[in-house]
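Quick notes on the structure that follows.
The values are calculated or read from the model by the stated rules, or taken from the named source; none is laboratory data. Predicted, not measured: the structure shown is a model, and the values here were computed from it. Cβ placement follows ideal geometry from the backbone for every residue including glycine, while neighbour counts extend to all protein chains displayed.
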Amino acid sequence: MRLLARREHAVAEVCQKLAQRGFDAERTKHYVALFQQEGLLSDARYAEAYARSRVARGYGPLYIKHALSAKEVAVEDATAALQSFDDWAGLALQVRARRFGNELPEDFKSRAKQMRFLQQRGFSHDHIRHAMAEDD
């Protein structure tokens with residue numbers, strides 16, 4: 001119960017933490033099922049909280065989706081969490097401006113550096129193009 005009191009957890013995370021603390025597989029299954037039944041543990045809720053947290057830090061949808069799949073969250077839950085935020089291009093623009101300033105780069109090297117940064121943050125090509133003002 002102490003695990004669930006601090007923050008949301010994915011089901012796989014709770015299973016892993018219980019196993020590390022010496023719980024056998026049968027007991028872990030029992031407690032996880034009990035927590036899910038009582039509404040204390042939910043992958044959908046975890047995905048929403050995780051997505052909100054990463055969006056606030058300036059990460060894009062590809063990064064968030066990959067991180068959620070690494071936590072063994074179902075694709076449907078990850079997709080639903082990402083659909084709650086719809087202005088990814090605007091977020092990419094804000095992240096670029098926060099990191100590099102409002103001025104657009106003039107030379108190819110600076111432009112490539114900024115585009116790589118946004119790509120590593122998990123933004124798609126269309127979001128990056130918008131942030132670099134290629135569409136305008």
Of the candidates GLN16, GLN36, the one satisfying the condition of being in a helix (DSSP H, G or I), polar (S, T, N, Q) and in contact (Cβ under 8 Å) with a residue 12 or more places away in the chain is GLN36
For residues that are within 30 Å of GLY90 (Cβ to Cβ) and among the polar types (S, T, N, Q), scanning just region 1-59, find the one that is surrounded by the fewest Cβ atoms within 10 Å (Cβ to Cβ). SER53
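Let's see how each residue does on (1) among the charged types (D, E, K, R); (2) at pLDDT 95 or above; (3) closer than 19 Å to PHE123 by Cβ:
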position	(1), (2), (3)
ALA12	no, no, no
ALA19	no, no, no
ASP43	yes, no, no
ARG57	yes, yes, yes
LEU62	no, yes, yes
I want to confirm something. Restricting to region 122-133 and keeping residues that are in contact with a helix residue (DSSP H, G or I) (Cβ under 6 Å, 6 or more places away or on another chain) and within 16 Å of ALA97 (Cβ to Cβ), which single residue is surrounded by the most Cβ atoms within 10 Å (Cβ to Cβ)? PHE123
